[in-house]
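Read the structure below first, then the notes.
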Amino acid sequence: MKLFYILLLSPTLLFGQLLQEKDKQLHFAAGMISGAAGYTLVYNKTENETLAIFGGIASSLAAGLAKELYDNQNGGKADPRDILATSLGGLSVSVTIPLFTKNKKKRRNK
C-alpha cells in the first residue's frame, strides 16, 4: 500500500515543482485552452468521451511542440519542460470536462 502512495505522490510533487515557474504556468494555461478546444472538436464529431480525451491531450501536445519548434527556429531554445507543462494542461482539462458534463447529462435525463 505504501508503494501505491509513493507512485501516486511522485508525479504530483514533480509537476507541482515544475509549475512553480511563471513560464511553465503560462504553458499549462495554453495547454488547457488547446486541450479544451481539441476535446470539444473531437467530442462534437464523434460523441465519444474517450476519443475526445485523447484528442484534447493530443492537441495540447501538438501546441506545445509547435511553440517549441517556433522558438527553436527563431533564435530561442526549445525546452522539453515547456512541452510537458503544456501537455499537462491539456491532460488536466481533458480529464476534467467529462466529470462535469456527466452531471449535466444526468440532470437532463431526469
**Message:** Condition first: open to solvent by less than 90 Å² (accessible area, probe 1.4 Å) and in contact (Cβ under 8 Å) with a residue 60 or more places away in the chain. Now tell me which residues in the stretch 65-90 satisfy that.
**Reply:** Leu84, Ala85, Leu88, Gly89
**Request:** Looking only at the stretch 14-63, count how many residues are free of Cβ contacts under 8 Å to residues at least 40 places away in the same chain, closer than 15 Å to Thr101 by Cα and open to solvent by less than 30 Å² (accessible area, probe 1.4 Å).
**Result:** 0
**Fill in**
Taking the stretch 54-84 and keeping only residues that are among the hydroxyl-bearing types (Ser, Thr, Tyr), under 13 Å from the mean Cα position of the chain (by Cα) and under 16 Å from Leu26 (Cβ atoms), one is left with Ser60
**Scope the stretch 92-110; condition closer than 23 Å to Glu21 by Cα and at pLDDT 90 or above; matching residues** = Val93, Ser94
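The values are calculated or read from the model by the stated rules, or taken from the named source; none is laboratory data. From a predicted model like this one, the values you see are computed outputs, not experimental measurements. Counting neighbours? That spans all protein chains shown, and the Cβs are built from the backbone with ideal geometry, glycine included. Calculation scope for accessible area: heavy atoms of the full protein, side chains included, ligands and nucleic acids excluded. Shrake-Rupley method; radii C 1.70, N 1.55, O 1.52, S 1.80 Å.
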